[in-house]
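This report refers to the structure that appears directly beneath it.
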Amino acid sequence: MSDNATSARAGISSPEASLTLRVRFSEWIDRHSRQLFITPAVVMILIFSIFPLVASLIIAFSRIRLRGGGYSVRFVGFDNFSKQIFGSEQFHFLGTFAPISALGWVFGLGVLGLVLFWLFKYATAKFTVLGFLGRVITASMAVGLAFMFAATLLSGKPFGTLGTTLFYVFVGCGIQFLIGLGLAFLCSQPIRGRNFFRVVFFIPMMITPIGVGYAFRMMADTTKGPFSPLWKWVGWGDFTWATDPWAARIFIVVADSWQWIPFIFIVLLAALENVPRDFVEAAQVDGASSREIFFDITWPQIVPVAATVMLIRVIEAFKIVDLPNIMTSGGPGIATESMSLHSLFAWRSLDLGQSSAVAYLLLFVTVVTCVSFFNLIVVGRMRANG
Amino acid sequence: MTVVLNQITKSFGAAKVLHELDLEVHEGEFLVLLGASGSGKSTALRMIAGLESVTGGSISIDGRDVTNELPKNRNVAMVFQSYALYPHKTVGENIGYPLKIARLGKSEIEDQVRDVADQVQLTDYLDRYPRQLSGGQRQRVALARAMVRRPAVFLMDEPLSNLDAKLRGHMRAELKHMQQQLGITTIYVTHDQVEAMTLAHRVALLEMGKLQQLASPKSIYDDPETLFVAQFIGSPPMNVAKGSLDGGVFALGDDRIGTGKSLSSPDAVLGLRAEDCRVVEAGAGKIRAKLYANELIGDHTLVTAETASGMFSIKAEKEFDAPMNAAIGIDFDPEKLYLFDGSSGARMR
Amino acid sequence: MAERTLMERLFEPAQIGHMPVGTKIVVYSLLLFWTAFVLFPIYWVFITSFKSAVDVNSGPVYLPFIDFKPSLHAWKELFVFDWEDTLKAYTNSIIISLFATALSVLIGSMAAYALARIEYAPKFGSILIFVLSMIAAFVGVGVYGVDWRLACAVAVAVFFFLIKALGRFYAARLGNGDILFWMISQRILAPVVVVVPIYMMFQSVGLLDTHLAIILTYAVVNLPIVIWLMYDFFKSIPIELEESAQLDGATRLLTFFDIVLPLSKAGLAATTLLVMILAWNEYLLALFLSTSKAQTMPILVAAMNAGERGILWWNMSVVIVVMIIPVVVMAIILQRFIAKGMLLGAVKG
């Protein structure tokens, strides 16, 4: 007994002392802590991400019919996909194709040329098989998209949900980045009330997207909205933005920006404030102008953060669904319909196969874009900075 | 309690950082693992603690094989270089943490913490947080936390290197006193030879993952087995000169030095400690040299002289003074010289 | 310097660190413009909640008490007449977002900690076998109508059999980085990709329209964010603290809850807030997974688009205002942590 007491006091759990059930249990837990820590996350992801992913892949390749209480599944191969890309749903997904106009040819061939030049440069400089294959995938998607736009937008026809999604992602994120960076830069200056602005600018991020959607519907109302006197004054009193494709798209981008600029702003502001003061002060002493200081000192320091925050933002932007759903229900026509919304509408009309096919196409475009962005820009930057 | 390392090796991927290390630490001994950074001394200590897996060989503590035992079952306590105090716990909670985990009663923990805190003069600080303490106090908290468990072995990883020079000297003395009082086997890692010399019963000098010499501080200083040991120990480092040895006569430039030993080697190194040299007039003495610099250290003047084979440091009288570039001679007792093989670095006797 | 032009006087600083007047005016007007842009929609929603139907439908009125007489009719309708529905949605939202956040943060930070500190090396081949056997099971269930319990059992059995049989023929392993990437990349999945199977899954186990279903789904959807943010936080904690706790006898679980989590308060606060906001505001998944009992606030907002009567702007505004208040209060309290927490993730992620 005295032996036990000393070893307990010394904090040893020698094999002899660890006979009680509780000790044995905690020993077991400790020995299995490797698995214990990570298993819940892995299991949850397997059940709620991977299983649905595989299941919707199967759905995407089949035709599902609901019958009575149950459903029947028939494997149809690439039917669902080819319907979207070449078939009756082409106008919806890719757009209404027209014979490519001169402008379209110039644009499409221009992109093709640029991409080929880029691939050629890579192949002659530092060729690796994997790197080349990755770039070929990126390049073919870029060319494909370029010709899609060439055959639709640049030839005077509307594009489909893919084009709309890309518009939200690239135009929206671009604007959001520029404004977010600008605001962060202004707020990083030595001015009064920085904390006030910081808190206020952050607020939109906390509002439910559906609320943002309805709020902006009120804002945009040209007859009863707060700006209706202004519309009347400029003579657009009877203009309904919801019937004009581009006005509707732009309004959705405005609402999306209102909601998401805070995220970019807050992260970039933190990054800006993390830039060591000495660097900036040394440059000031050296007589650099504020423009030079920003581009030569500050910008290189925040590039990694900026790249990461934009990667996250782009990932989220591809998923956009609530705003177009609330603000326009995808209209006029399909002008503001994002791919997520497209898939959602297909589901609503109980066409599960089409719904999953569109969702998978969205996943494909997102992955290729994000992986390209990450490998070509983020990793490239990291290498350049050593 | 004894600690025995039997042929332990450690590799990180292809890099081998410890080569078949054999070490036996006696009961109650203060053993110092001395070496430059990257010598593998910290890795060895962390392997004893169980924080690093063992690639090959075995470790036993008190006769029990602990090679694959979890750290907490080895009954060792460690003091880290950064002290590793838990920032969100008070000094008292820090010290009492091992006892709390051992599920001792509250009052018992309090008694023991008070007891140990008394020994390291921290009684007044038990309610403070580590960030409110000075470096020396933090160091004592770390020590107290290790002591409170009465472990079989103390492991210390450069515990004094974050302190300023003055405090370090003070803590060194305290550490030595405490270790003798407690009589707990201690393995202490440092790169500071002064700490090694003053604290250790025995010093194990490591280089590139290999044990160079294991001996008492006195014999590692007086009787180094390799050129590396000779140069590592001592301040200023031992003077060395390359030359050739022919029938016991060492040729250093044009100088011929009788060594009193009948050894021959085309490639040999002569070693000589600074305090064993004397500055004499030019022409006298055994080595010709040119005065390079004088530094008055306090109780002596450190003379740096340029010889045919590199710089020599000489501890001269405090009053010594001579103009720069003056020709001088260096004299010494041939008994005090060390000879090493030029290629292997092994001592030649 | 006396002959500076007006532009120079306005836009060039008189001394370093000072902002010239012209710049100041530009900066403030930009900031104030953005403040107005941010606040106006919120202000509009806020005053709309006090407007009568007539005030809304007969064109814009801007200032309460001046332009129009604020009325509490919408608030009354939701908090008196429809009190039960409102209360149900509010409590549902609170329960779901609290539990989903807690679950997500707990599981996510455990995984992040594991990936930051423990080395995993799953065999690539084993994962491939696992995926293939699972796909086989799905095809069996979905296409050939095999009972799902039977299919799962067979798939698991086949998986273990194949691992035992083929395990020694492949050696390629994945590392922690790969697992981390796999987990974080789940964020790429748009809800529409996964929601249909999730819907069917919950339908088959009879959990549709329950809190549990939404909680689990939200927890997993936000897991990547938790793992991404917390991983860097855990990496930034000095590892000595955990090693020291291990030597003190703490198990990994205790080390995690007693040492690591208290030291990651800032990260936990930021992560919790972010996940809470996302869970609180989520609409699409809730739309799929709830029909009446488990309806959340965003669904209630959409429900104010009441078909033949058009949109009940005033009621909807009340719901939106009520939804904003708790989040804004929390965010203002925690906003210091958010910037810090997100930065750490972003800088190193």
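The values are calculated or read from the model by the stated rules, or taken from the named source; none is laboratory data. Remember, predicted model here, so these are calculated numbers, not experimental data. No Cβ is skipped: glycine too gets one built from the backbone with ideal geometry, and neighbour counts run over all protein chains shown. In case anyone asks, the SASA skips ligands and DNA or RNA and just uses the protein heavy atoms, side chains included. Shrake-Rupley method; radii C 1.70, N 1.55, O 1.52, S 1.80 Å.
If we keep just the residues of segment C:96-136 that are under 22 Å from C:Ala245 (Cα atoms) and among the small types (Gly, Ala, Ser), which is surrounded by the most Cβ atoms within 10 Å (Cβ to Cβ)?
Out of the qualifying residues, it is C:Ala112.
Can you name every residue in segment B:273-291 that is crowded, with 16+ Cβ neighbours inside 10 Å and either aromatic (Phe, Trp, Tyr) or part of a helix (DSSP H, G or I) (or both)?
First, pick out the residues of segment B:273-291 that are crowded, with 16+ Cβ neighbours inside 10 Å: B:273-274, B:276-279, B:285-289, B:291.
Scanning segment B:273-291 gives B:Ala274, B:Asp276.
Kindly check whether there is at least one residue in segment A:122-136 that is closer than 27 Å to A:Val358 by Cα and surrounded by fewer than 16 Cβ atoms within 10 Å (Cβ to Cβ).
Scanning segment A:122-136 turns up at least one residue that is closer than 27 Å to A:Val358 by Cα and surrounded by fewer than 16 Cβ atoms within 10 Å (Cβ to Cβ).
Say we look at segment B:225-272 and pick out the residues that are acidic (Asp, Glu) and more than 20 Å from B:Gly329 (Cβ to Cβ); which of these is least open to solvent (accessible area, probe 1.4 Å)? Talk me through it step by step, then tell me what you get.
So in segment B:225-272, the residues acidic (Asp, Glu) come out as B:225, B:246, B:254-255, B:267.
From what's left, more than 20 Å from B:Gly329 (Cβ to Cβ): B:225, B:246, B:267.
Details: B:Glu225: 92, B:Asp246: 112, B:Asp267: 62 Å².
The qualifying residue least open to solvent (accessible area, probe 1.4 Å) is B:Asp267.
Any idea which of (1) buried (at least 19 other Cβ atoms within 10 Å of the Cβ); (2) on the phi > 0 side of the Ramachandran plot is the one B:Arg103 doesn't satisfy?
Single failed check for B:Arg103: (1).
Taking the condition of being buried (at least 17 other Cβ atoms within 10 Å of the Cβ) and either basic (Lys, Arg) or touching a residue at least 40 places away in the same chain (Cβ under 8 Å) (or both), how many residues in segment C:53-72 meet it?
So the answer is 1.
Kindly provide the set of residues from segment B:120-160 that are part of a loop (DSSP other than H, G, I, E, B), open to solvent by 30 Å² or more (accessible area, probe 1.4 Å) and modelled with pLDDT of 90 or more, ordered by number. Lay out the reasoning, then the answer.
Keep residues of segment B:120-160 that are part of a loop (DSSP other than H, G, I, E, B), which gives B:120-122, B:126-129, B:133-134, B:148-152, B:158-160.
Still in the list and also open to solvent by 30 Å² or more (accessible area, probe 1.4 Å): B:121, B:127-129, B:134, B:150.
Answer for segment B:120-160, where residues must be part of a loop (DSSP other than H, G, I, E, B), open to solvent by 30 Å² or more (accessible area, probe 1.4 Å) and modelled with pLDDT of 90 or more: B:Asp127, B:Arg128, B:Tyr129.
Those residues that are open to solvent by 30 Å² or more (accessible area, probe 1.4 Å) and either closer than 13 Å to A:Trp260 by Cβ or within 8 Å of chain C (Cβ to nearest Cβ) (or both), I need them from segment A:194-208; list them, please. Outline the logic, then answer.
Step one: filter segment A:194-208 for residues open to solvent by 30 Å² or more (accessible area, probe 1.4 Å), giving A:194-196, A:198-199.
Selection gives A:Arg198, A:Val199.
Would you pick out the residues in segment A:264-283 that are free of Cβ contacts under 8 Å to residues at least 60 places away in the same chain, surrounded by 14 or more Cβ atoms within 10 Å (Cβ to Cβ) and more than 9 Å from every other protein chain (Cβ to nearest Cβ)?
If the condition is that a residue be free of Cβ contacts under 8 Å to residues at least 60 places away in the same chain, surrounded by 14 or more Cβ atoms within 10 Å (Cβ to Cβ) and more than 9 Å from every other protein chain (Cβ to nearest Cβ), then A:Val275, A:Phe279, A:Val280, A:Ala283 are the ones that fit.
Quick one: which residue in A:Ile326, A:Ile334, A:Ile293, A:Ile315 is touching a residue at least 12 places away in the same chain (Cβ under 8 Å), in contact with a helix residue (DSSP H, G or I) (Cβ under 8 Å, 6 or more places away or on another chain) and more than 29 Å from A:Ala247 (Cα to Cα)?
Numbers: A:Ile326 fails: more than 29 Å from A:Ala247 (Cα to Cα); A:Ile334 fails: more than 29 Å from A:Ala247 (Cα to Cα); A:Ile315 fails: more than 29 Å from A:Ala247 (Cα to Cα).
Selected residue: A:Ile293, the only one of A:Ile326, A:Ile334, A:Ile293, A:Ile315 that is touching a residue at least 12 places away in the same chain (Cβ under 8 Å), in contact with a helix residue (DSSP H, G or I) (Cβ under 8 Å, 6 or more places away or on another chain) and more than 29 Å from A:Ala247 (Cα to Cα).
Tell me which helices (runs of 4 or more DSSP H) are completely within segment A:41-112 and hold 3 or more residues being free of Cβ contacts under 8 Å to residues at least 60 places away in the same chain and open to solvent by less than 70 Å² (accessible area, probe 1.4 Å), or say none if there are none. It would help to see each step written out before you state the result.
Details: elements: A:51-60, A:79-85, A:90-93.
Helices (runs of 4 or more DSSP H) meeting the threshold: A:51-60.
A quick yes/no check of all residues on (1) out of contact with any Lys or Arg (no Cβ under 8 Å at 6 or more places or on another chain); (2) at pLDDT 85 or above; (3) assigned to a loop (DSSP other than H, G, I, E, B); (4) more than 10 Å from chain A (Cβ to nearest Cβ):
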position	(1), (2), (3), (4)
C:Asp178	yes, yes, no, yes
C:Trp182	yes, yes, no, no
C:Arg187	yes, yes, no, no
C:Ile198	yes, yes, no, no
C:Asp209	no, yes, yes, yes
C:Ala219	yes, yes, no, no
C:Val226	yes, yes, no, no
C:Asp232	no, no, no, yes
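For the structure I just gave you, tell me whether A:Phe373 is among the hydrophobic types (A, V, I, L, M, F, W, C), within 21 Å of A:Gly160 (Cβ to Cβ) and in contact (Cβ under 8 Å) with a residue 12 or more places away in the chain. Outline the logic, then answer.
Details: among the hydrophobic types (A, V, I, L, M, F, W, C): yes; within 21 Å of A:Gly160 (Cβ to Cβ): no; in contact (Cβ under 8 Å) with a residue 12 or more places away in the chain: yes.
So A:Phe373 fails the test.
From the list A:Asp278, A:Asp238, A:Asp256, exactly one residue is not in a helix (DSSP H, G or I) and not hydrophobic (A, V, I, L, M, F, W, C). Which is it?
Values: A:Asp278 fails: not in a helix (DSSP H, G or I); A:Asp256 fails: not in a helix (DSSP H, G or I).
The conditions single out A:Asp238.
Which of the residues spanning segment B:111-136 are within 14 Å of chain A (Cβ to nearest Cβ) and under 25 Å from C:Leu263 (Cα atoms)? Steps first, please.
Here is the first cut: in segment B:111-136, the ones within 14 Å of chain A (Cβ to nearest Cβ) are B:111-113, B:115-116.
The answer is B:Val113, and nothing else.
For segment B:1-55, give me each residue that is of a type in the set (S, T, N, Q), over 19 Å from the mean Cα position of the chain (by Cα) and not in a strand (DSSP E or B). Break it down into steps so the answer makes sense when it comes.
Initial filter on segment B:1-55 (of a type in the set (S, T, N, Q)): B:2, B:6-7, B:9, B:11, B:37, B:39, B:42-43, B:53, B:55.
Next, from what is left, pick out any that are over 19 Å from the mean Cα position of the chain (by Cα): B:2, B:6-7, B:9, B:11, B:53, B:55.
Within segment B:1-55, B:Thr2, B:Ser53, B:Thr55 meet the criteria.
Select from segment A:312-334 the residues that are more than 9 Å from chain C (Cβ to nearest Cβ) and in a helix (DSSP H, G or I) and write down the one among them that is nearest to C:Asn281 (Cα to Cα).
A:Leu323
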